[in-house]
Amino acid sequence: MKRKIYAKLKEWKNTSNGSTALLIEGARRVGKSYIVEEFARNEYDSYMLINFSKVGKNVKELFEDLTDVPSLLQKLSYYMKVKLIERRSLVVFDEVQKFPRAREAIKFLVEDGRYDYIETGSLMSIHENVKDIIIPSEEKPIEMYPMDFEEFCWALGDEITVPLIREHFQQKKPLGDALHKSILEQFRKYMLVGGMPRAVMAYAENRDFSAAETEKRLILDLYRADIVKHAKRNKLRIGALFENIPSELSGHDKKCNLSDIDDGQGRFTSYEEPLYWLKDSMIANLCYNTTVPAVGLSLNKESKSVKAYMGDTGLLVSMTISESEEIEQEVYSALLMDKLHINEGMFTENIVAQMLRSNGHKLFFHIFYKEQNSKNKYEVDFLVRSGKKINPIEVKSSDYTSHSSLDVLMERYSKTLGQPYIVYTKDLRKVGNVLCIPIYMAICL
């Protein structure tokens, strides 16, 4: 399974020269352990992988004394049965959130300088995982996301499609009806399967959606178990918020209406920590309303006005269709007809959010009124920074290209806004100053 993060791992190895440890954060089952072990096997003479969700007490006790690093490393080498070679070996702390003391040891291990270190984990900044430890400044954090559309294509043996998409996006050139239809069909398959590696692998082997569906439901059950086991506070609210993501996204404004979740008693103060937990676990991508569409979007965000998108759209599909077999059959039948009829707007907006996050963007939307005291409310789905400008994005689940919100916004903030986009299901075309791009081109934003 070819992953783009591999190139970042190589860059870190070639430039850090042991001066920093790499911390890879990501949701469970996103492929962190797999890609790090693949990297270790290919790029080093030897490697030691310590999985703190499985390792015994005898190994953990070694970290109680950090004053003698050479002795610690010698004993680790003995217990793990791995010969370490100076400047040619990698030590991997897998699931390091399970044992924060090892994370604290990174400072002394990096200072020792003989080996390279990579940590992997989820829920890395939850209070229970950082209590009573000093976070090492020698860590370089990097986030890992589900497989993007290009990685999905690679898994299917296709290395042609995405370079073609990027070329036409850069040239602002339509692909033509036949090519557009073919790529859109491939992209819809990606939306349904999602980017969790186990689900992608299951689909890639036999082009079997049911096999991918089985894997996705196992992952969702794992997330539910994690909430029960690791959310020491507010587990009921976190669980309720997680289960309600599909219903909240199916609403007109897609915002988290907490009163709907908590029988009319929901308050932001009660759900601030549950929202943070889902964000920190990278199960969900949070999108905040920003009151000013200008550089420094986070400075003007309204924390109480938030949307919660699933981190992986394939998992969102599985959560939605799990209600009944009839819905499941309808979704997959719709795929065969090249259309998704089950609230496609929810899925299209979620997949755009997912692609923007994997490209490094924080998520913001913007609500505004044309005139003061007006009841006519406008909303732009996403705002992303491009240099010194902000590009507004509206997502359509069809070929509909009306853009009154973009027009009003561009007129009001012409000095701070750049290229406005409509992301929709038809081929690329220009409508006035608005660039309408097919949904699969959102990978280029």
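The values are calculated or read from the model by the stated rules, or taken from the named source; none is laboratory data. Worth saying up front: this structure is predicted, and the values here are computed from it rather than measured. Quick reminder, even Gly has a Cβ in these numbers, built from the backbone with ideal geometry, and neighbours come from all protein chains shown. When the accessible area is computed, the model is the full protein with side chains, heavy atoms only, and any ligands, DNA or RNA have been set aside. Shrake-Rupley method; radii C 1.70, N 1.55, O 1.52, S 1.80 Å.
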Charge sum, other residues only, whose C-beta stays under 11 Å from Pro141's C-beta, Lys/Arg counted +1 and Asp/Glu -1: -3
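For a 29 Å ceiling on Cα separation, which of these pairs sit above it: Lys13/Lys235; Lys13/Lys83; Lys10/Lys396; Lys216/Lys255; Lys10/Lys229; Lys32/Lys279?
Beyond 29 Å between Cα atoms: Lys13/Lys235; Lys10/Lys396; Lys10/Lys229.
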Taking every other residue with Cβ under 13 Å from the Cβ of Glu151 and scoring Lys and Arg +1, Asp and Glu -1, one gets -2
With all protein chains present, calculate the accessible area of Cys287 using a 1.4 Å probe and round the result to the nearest 10 Å². 0
Would you indicate which of [x] 23.0; [y] 22.0; [z] 18.7 is the value of mean projected area of the Cα convex hull in nm² derived from the coordinates of this structure? [x]
Tally Lys/Arg at +1 and Asp/Glu at -1 over every other residue whose Cβ is under 10 Å from the Cβ of Leu66; what's the total? -2
Over the chain, with a Gaussian network built from C-alpha contacts below 10 Å, which listed residue (Met410, Met196, Met282) shows the highest mean-square fluctuation? Met410
By how many nm would the segment from Lys375 to Glu167 lengthen if fully extended, with 0.36 nm per residue of separation less the alpha-carbon distance? 70.6 nm
Qualifying aspartates and glutamates (Cα of each under 15 Å from Cα of Lys426; at least 8 residues distant if same chain): Asp177, Glu185, Asp338, Glu344, Glu394, Asp399
Simple spin-label estimate for Ser46/Lys232, 7 Å along Cα→Cβ, in nm, reads 3.7
For helix 268-280, what angle does its Cα long axis make with the longest principal axis of the chain, in degrees from 0 to 90 and rounded to 10? 60
Rounded to one decimal in nm, the spacing of the 7 Å Cα→Cβ label points at Gln419 and Asp399 is 2.3
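So what is the calculated 222 nm ellipticity per residue for the chain, using -39500 (n - 2.57) for each DSSP H run with n of 4 or more, over all residues, to the nearest 500 deg cm²/dmol?
-13500 deg cm²/dmol
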Which of Thr320, Thr291 is most accessible, then next, and so on - probe 1.4 Å: Thr291, Thr320
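Please find the FRET efficiency linking Leu222 to Glu86, where r is the Cβ-Cβ separation and R0 is fixed at 30 Å, and quote it to the nearest 0.05.
Given R0 = 30 Å and the Cβ-Cβ separation, E is 0.20.
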Of the accessible area of region 69-167, computed with a 1.4 Å probe and all protein chains kept, carbon and sulfur make up a percent value of 52
Taking the Cα atoms only, what angle lies between the long axis of helix 197-206 and the longest principal axis of the chain, rounded to 10 degrees? 70
Antiparallel DSSP beta bridges within the chain, percent to nearest 5: 40
With a probe of 1.4 Å, find how much accessible area the chain has per residue, and write the answer as a whole number in Å². 46
Could you state the number of Å between the C-alpha centres of region 188-253 and region 55-89? 37
Please determine, in degrees from 0 to 90 and to the nearest 10, the orientation of helix 32-43 with respect to the longest principal axis defined by the Cα atoms of the chain, where the helix direction is its Cα long axis. 60
Amide H contacts under 5 Å for Lys140, placed H, 5+ residues apart: Ala21, Leu22, Leu23
Could I have the simple spin-label model distance between Lys10 and Lys75, label points 7 Å from Cα toward Cβ, reported in nm to one decimal? 3.8
Ranking Lys181, Lys389 from most to least accessible area with a 1.4 Å probe gives Lys181, Lys389
